[in-house]
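Student: Quick one: structure below, then a few questions.
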Amino acid sequence: MSHRIRILISACLLGEQCRYDGKIMSPAPALALPAELQLVSVCPEFELGMPVPREAISLVGAKSLPRLLGRFSAKDWTRSMNALCHARLCALAGKGLAGAVLKARSPSCGNGDTERFPLELGVSPLNDGDGLLVLAIKKLLPELPLLNEAGLARTAELSAFLDRVQREGNRHRPQLL
């Protein structure tokens, strides 16, 4: 029986209809990943029960502890999103999760490139935020290799990511006695 290395991947990158605007992305970026990987689809917004399409959401406040607010309604999704991300990661951590490929600039999945309003909605945003899922990963699984979809097209970045995923996956490989 072979051991497949699990990586988390944003559902929209697999062509699933879960984006806030209802559009479907081409799954082509995910095709750069080796078939030996077991892709575990995740869309925190959809899993939280947000509809498709839905109101855009934004990060507001401190970079290390932002709030997740509806862009027009100002509905605060922070507590429920943090709880969902924590529970999802805890469940996956015990199953040998070895990496994550996530949607860039997403308020849940972005890694250092998400629009963040430092004070309140409506003021000039910065593009330096981590989505709430990424913040949870960095807290609960700080060594987990992360890549956004742009990295799938950059050979050196993809290769370095896959090397780290392989090493991480081997740490979780069941040992035969």
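Student: Quick check on Val52: is it among the β-branched types (Val, Ile, Thr), at pLDDT 95 or above, more than 17 Å from the chain's Cα centre (by Cα) and within 18 Å of Ala136 (Cβ to Cβ)? Even if it seems obvious, please write down each step before you answer.
Tutor: On the way: among the β-branched types (Val, Ile, Thr): yes; at pLDDT 95 or above: yes; more than 17 Å from the chain's Cα centre (by Cα): yes; within 18 Å of Ala136 (Cβ to Cβ): no.
Here the answer is no, as Val52 does not meet what is asked.
Student: Just to be sure before I move on: is Ser10 touching a strand residue (DSSP E or B) at 6+ places or on another chain (Cβ under 6 Å) and either without any contact (Cβ under 8 Å) to a residue 24 or more places away in the chain or under 27 Å from Leu68 (Cβ atoms) (or both) in the structure I sent?
Tutor: yes
Conditions tested, residue by residue: (1) farther than 19 Å from Glu45 by Cβ; (2) under 16 Å from the mean Cα position of the chain (by Cα).
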{"site": "Asp113", "(1), (2)": "no, yes"}
{"site": "Glu120", "(1), (2)": "yes, no"}
{"site": "Ser124", "(1), (2)": "yes, no"}
{"site": "Val134", "(1), (2)": "no, yes"}
{"site": "Leu141", "(1), (2)": "yes, yes"}
{"site": "Leu144", "(1), (2)": "yes, yes"}
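Student: Looking only at the stretch 127-150, count every residue that is out of contact with any helix residue (DSSP H, G or I) (no Cβ under 9 Å at 6 or more places or on another chain) and without any contact (Cβ under 8 Å) to a residue 24 or more places away in the chain and tell me the total.
Tutor: Qualifying residue count, the stretch 127-150: 3.
The values are calculated or read from the model by the stated rules, or taken from the named source; none is laboratory data. Quantities reported herein were computed from a predicted structural model and do not represent experimental measurements. Counting neighbours? That spans all protein chains shown, and the Cβs are built from the backbone with ideal geometry, glycine included.
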